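Engineer: Would you mind keeping the following structure in view while I ask a few things?
The values are calculated or read from the model by the stated rules, or taken from the named source; none is laboratory data. Bear in mind that the values here come from a model prediction, so they are computed numbers and not experimental data. Reconstructed Cβ throughout: ideal geometry from the backbone, glycine too, with neighbour counts over all protein chains shown. What goes into the accessible areas is simple: the full protein's heavy atoms, side chains included, and nothing from ligands, DNA or RNA. Shrake-Rupley method; radii C 1.70, N 1.55, O 1.52, S 1.80 Å.
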Amino acid sequence: MKEILNRILNHEELTREETKNILIGITQSQYPTEQVTALLTSLQMRGITVDELLGFRDGILETGVPVPLNCDRYIDVVGTGGDRKNTFNISTTSCFVIAGAGYKVAKHGNYAATSTSGASNVIANHGVHFTDDLDKLNRSINECGIVYLHAQLFAKAMKFVGPIRKALPFPTFFNLLGPIVNPSQPQCQLLGVANLDQMRLYSNVYQKIGIDYGIVNSIDGYDEISLTGDFKVTTNNYERIFSPADLGFEKAKPEELQAGANEQEAKQIFDAVLENRALPAQKHIVLANAAFGIQVLEKGQKSIEECVEIARESIDSGKALHTFKKFVELNS
């Protein structure tokens with residue numbers, strides 16, 4: 001590890017194989033805490049490369065619990081988090097809208113880190129029990145179109161660096177790993193990022209992994225499509241800046257995206273969207289994010305206007321709500 005740290009200080013890049021082995025070494029307690037802390041700090045200061053990030057991803061997947069799903073094509077919709085905007089559960093709600101439209105979803109998530117309510121919070125607050133039982137997970141995606149993978153049950157490596165990450169006053173590359181370590185390794189992903197540097201990084205990561213992807217960033221700093229202004233989208237097929245009007249929506253106000261003061265208020269917004277009684281802006285934000293997820297699943301063969309209408313029908317017909325109720329029934 002001393003040799004590795006010296007190389008990083010000299011601005012040398014590590015190979016994908018090297019960072020994979022480092023991650024495995026961390027899970028085997030091969031390095032003292034001080035050296036792991038130095039590794040996280042030095043890589044944060046220098047900036048991580050695509051291959052280095054992929055190597056750490058390989059290590060997490062290899063030391064974690066795999067989830068082979070009996071399903072051909074499915075998507076994960078996730079944000080990097082850390083935008084400090086405290087929005088309601090937009091990605092998670094969008095997942096149930098996508099599943100309600102007849103597509104398959106494997107949502108990977110965790111408890112909140114910087115917001116009122118993370119994906120695991122809002123789902124657990126409906127009485128869902130998290131599981132790593134493969135039969136139950138496969139039954140969920142096949143019978144109601146969606147499965148939820150609670151990160152802590154699968155990414156075993158994370159517990160080895162948890163105390164170090166909490167002790168450091170800045171985010172580390174482990175924050176970048178969350179969106180790309182879904183243990184089912186989906187063929188499609190819609191990812192929200194908080195800045196354009198992250199958009200470039202993940203675009204290169206996804207191209208190397210070889211999946212169908214969409215990466216979104218709201219220009220005013222949201223790690224999802226907020227409709228508070230223009231937003232950028234990068235996919236396998238195009239790179240473009242959209243305005244809310246391009247999708248037929250009004251511009252949203254930041255306060256209309258808020259999760260509320262506690263988990264219960266966040267849960268009420270989640271329920272209101274699926275029950276089609278939310279504020280127009282809340283519904284539109286979910287429709288926008290779900291629509292780009294659907295476009296990724298469709299390999300870009302449908303226009304974004306078509307995809308918005310597919311998402312709208314999922315909510316308006318009650319299919320999204322029915323999907324969620326079936327999900328809760330299967331997983332409680």
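Engineer: Hey, can you tell me all the residues within the range 172-188 that are part of a loop (DSSP other than H, G, I, E, B) and either within 20 Å of T27 (Cα to Cα) or without any contact (Cβ under 8 Å) to a residue 40 or more places away in the chain (or both)? Steps first, please.
Structural biologist: In the first step, residues of the range 172-188 are kept if they are part of a loop (DSSP other than H, G, I, E, B); the result is 172, 181-187.
Correct list: T172, V181, N182, P183.
Engineer: Moving on. Any residue in the range 242-263 that is within 10 Å of N86 (Cα to Cα) and open to solvent by less than 30 Å² (accessible area, probe 1.4 Å) sitting within a Cβ distance under 7 Å of a residue that is outside any helix (DSSP H, G or I) and hydrophobic (A, V, I, L, M, F, W, C)? List the pairs, counting only those 6 or more apart or interchain.
Structural biologist: L257/F88; A259/F88
Engineer: For the range 250-261, indicate whether the set of residues that are in contact with a Leu (Cβ under 8 Å, 6 or more places away or on another chain), assigned to a loop (DSSP other than H, G, I, E, B), closer than 24 Å to A112 by Cα and charged (D, E, K, R) is non-empty.
Structural biologist: No, the range 250-261 has no match at all.
Engineer: Out of the residues in the range 87-141 meeting the condition of being outside any helix (DSSP H, G or I) and among the charged types (D, E, K, R), tell me which one is least open to solvent (accessible area, probe 1.4 Å). Full working, then the answer.
Structural biologist: In the first step, residues of the range 87-141 are kept if they are outside any helix (DSSP H, G or I); the result is 87-89, 101-118, 125-133.
Then drop every residue that is not among the charged types (D, E, K, R), which leaves 104, 107, 132-133.
Details: K104: 58, K107: 11, D132: 79, D133: 63 Å².
Out of the qualifying residues, it is K107.
Engineer: Give the residues of the range 24-39 that are open to solvent by 80 Å² or more (accessible area, probe 1.4 Å) and outside any helix (DSSP H, G or I), sorted by residue number. Steps first, answer last, please.
Structural biologist: Just the residues of the range 24-39 that are open to solvent by 80 Å² or more (accessible area, probe 1.4 Å), to begin with: 28-30, 33-34.
Within the range 24-39, Q28, S29, Q30 qualify.
Engineer: Working only within the range 286-332, note down all residues that are closer than 20 Å to N237 by Cβ and basic (K, R). Before you say what the answer is, go through the steps one by one.
Structural biologist: As a first pass, look at the range 286-332 and keep what is closer than 20 Å to N237 by Cβ: 288-311.
If the condition is that a residue be closer than 20 Å to N237 by Cβ and basic (K, R), then K299, K302 are the ones that fit.
Engineer: Somewhere in the range 8-20, is a residue modelled with pLDDT of 95 or more, open to solvent by less than 30 Å² (accessible area, probe 1.4 Å), more than 23 Å from Q207 (Cα to Cα) and not hydroxyl-bearing (S, T, Y)?
Structural biologist: yes
Engineer: For the range 40-47, does any single residue satisfy the condition of being touching a residue at least 24 places away in the same chain (Cβ under 8 Å) and open to solvent by 40 Å² or more (accessible area, probe 1.4 Å)? Walk me through how you get there before you give the answer.
Structural biologist: Kept after step one, since they are touching a residue at least 24 places away in the same chain (Cβ under 8 Å), are these residues of the range 40-47: 40-44, 46.
Subset that is open to solvent by 40 Å² or more (accessible area, probe 1.4 Å): 44, 46.
Taking every residue of the range 40-47 in turn, at least one turns out to be touching a residue at least 24 places away in the same chain (Cβ under 8 Å) and open to solvent by 40 Å² or more (accessible area, probe 1.4 Å).
Engineer: Scan the range 5-23 residue by residue and report those that are assigned to a helix (DSSP H, G or I) and without any contact (Cβ under 8 Å) to a residue 40 or more places away in the chain. Give the steps one after another, and end with the answer.
Structural biologist: Narrowing the range 5-23 to residues assigned to a helix (DSSP H, G or I): 5-9, 16-23.
Listed by number, the residues that qualify are L5, N6, R7, I8, L9, E17, E18, N21, I22.
Engineer: A further question on this structure: Would it be correct to say that Q185 is open to solvent by 70 Å² or more (accessible area, probe 1.4 Å), under 18 Å from the mean Cα position of the chain (by Cα) and within 28 Å of L137 (Cβ to Cβ)?
Structural biologist: Working: open to solvent by 70 Å² or more (accessible area, probe 1.4 Å): yes; under 18 Å from the mean Cα position of the chain (by Cα): yes; within 28 Å of L137 (Cβ to Cβ): yes.
Judged against the criteria, Q185 is a match.
Engineer: Could we say that R84 is surrounded by fewer than 20 Cβ atoms within 10 Å (Cβ to Cβ), within 30 Å of A252 (Cβ to Cβ), without any contact (Cβ under 8 Å) to a residue 40 or more places away in the chain and of a type in the set (D, E, K, R) here?
Structural biologist: Values: surrounded by fewer than 20 Cβ atoms within 10 Å (Cβ to Cβ): yes; within 30 Å of A252 (Cβ to Cβ): yes; without any contact (Cβ under 8 Å) to a residue 40 or more places away in the chain: yes; of a type in the set (D, E, K, R): yes.
Considered against the rule, which asks whether it is surrounded by fewer than 20 Cβ atoms within 10 Å (Cβ to Cβ), within 30 Å of A252 (Cβ to Cβ), without any contact (Cβ under 8 Å) to a residue 40 or more places away in the chain and of a type in the set (D, E, K, R), R84 comes out as yes.
Engineer: Within the range 285-298, is even one residue part of a loop (DSSP other than H, G, I, E, B), open to solvent by 30 Å² or more (accessible area, probe 1.4 Å), within 21 Å of E224 (Cβ to Cβ) and out of contact with any helix residue (DSSP H, G or I) (no Cβ under 6 Å at 6 or more places or on another chain)? Show your work before the answer.
Structural biologist: Pass one, the range 285-298, residues part of a loop (DSSP other than H, G, I, E, B): 298.
Those still in the list that are open to solvent by 30 Å² or more (accessible area, probe 1.4 Å) too: 298.
With the extra rule that they be within 21 Å of E224 (Cβ to Cβ), the set shrinks to 298.
Restricting the remaining residues to those that are out of contact with any helix residue (DSSP H, G or I) (no Cβ under 6 Å at 6 or more places or on another chain) gives 298.
Yes: the range 285-298 contains one or more residues that are part of a loop (DSSP other than H, G, I, E, B), open to solvent by 30 Å² or more (accessible area, probe 1.4 Å), within 21 Å of E224 (Cβ to Cβ) and out of contact with any helix residue (DSSP H, G or I) (no Cβ under 6 Å at 6 or more places or on another chain).
Engineer: So, one more: Please enumerate the residues belonging to the range 189-214 that are surrounded by fewer than 23 Cβ atoms within 10 Å (Cβ to Cβ) and either of a type in the set (D, E, K, R) or farther than 19 Å from F56 by Cα (or both).
Structural biologist: Hits for the range 189-214 are A194, N195, L196, D197, R200, K208, D212, Y213.
Engineer: Looking at the range 318-332, which of its residues are in contact with a helix residue (DSSP H, G or I) (Cβ under 8 Å, 6 or more places away or on another chain) and farther than 18 Å from V122 by Cα?
Structural biologist: K319
Engineer: For V233, work out the one condition from (1) in contact with a helix residue (DSSP H, G or I) (Cβ under 9 Å, 6 or more places away or on another chain); (2) part of a helix (DSSP H, G or I); (3) within 21 Å of I294 (Cα to Cα); (4) without any contact (Cβ under 8 Å) to a residue 60 or more places away in the chain it doesn't fulfil.
Structural biologist: Only one criterion in (1) in contact with a helix residue (DSSP H, G or I) (Cβ under 9 Å, 6 or more places away or on another chain); (2) part of a helix (DSSP H, G or I); (3) within 21 Å of I294 (Cα to Cα); (4) without any contact (Cβ under 8 Å) to a residue 60 or more places away in the chain is unmet by V233, namely (2).
Engineer: Tell me, which residue of the range 153-162 that is touching a residue at least 12 places away in the same chain (Cβ under 8 Å) and assigned to a helix (DSSP H, G or I) is most open to solvent (accessible area, probe 1.4 Å)?
Structural biologist: Taking the range 153-162 and keeping what is touching a residue at least 12 places away in the same chain (Cβ under 8 Å), we get 153-158, 160-161.
Checking which are assigned to a helix (DSSP H, G or I) leaves us with 153, 158, 160-161.
On the way: L153: 48, M158: 43, F160: 78, V161: 0 Å².
Checking each candidate, the answer is F160.
Engineer: Please give the number of the condition F327 fails out of (1) open to solvent by 10 Å² or more (accessible area, probe 1.4 Å); (2) over 10 Å from I98 (Cα atoms); (3) assigned to a helix (DSSP H, G or I).
Structural biologist: Looking at each condition in turn, F327 falls short on (1).
Engineer: Taking the range 299-322 as the region of interest, how many residues are surrounded by fewer than 24 Cβ atoms within 10 Å (Cβ to Cβ) and assigned to a helix (DSSP H, G or I)? Break it down stepwise before answering.
Structural biologist: First, the residues of the range 299-322 that are surrounded by fewer than 24 Cβ atoms within 10 Å (Cβ to Cβ): 299-306, 308-310, 312-313, 316-319, 321-322.
This time we only want the ones that are assigned to a helix (DSSP H, G or I), so: 304-306, 308-310, 312-313, 316, 319, 321-322.
Adding up the residues that qualify gives 12.
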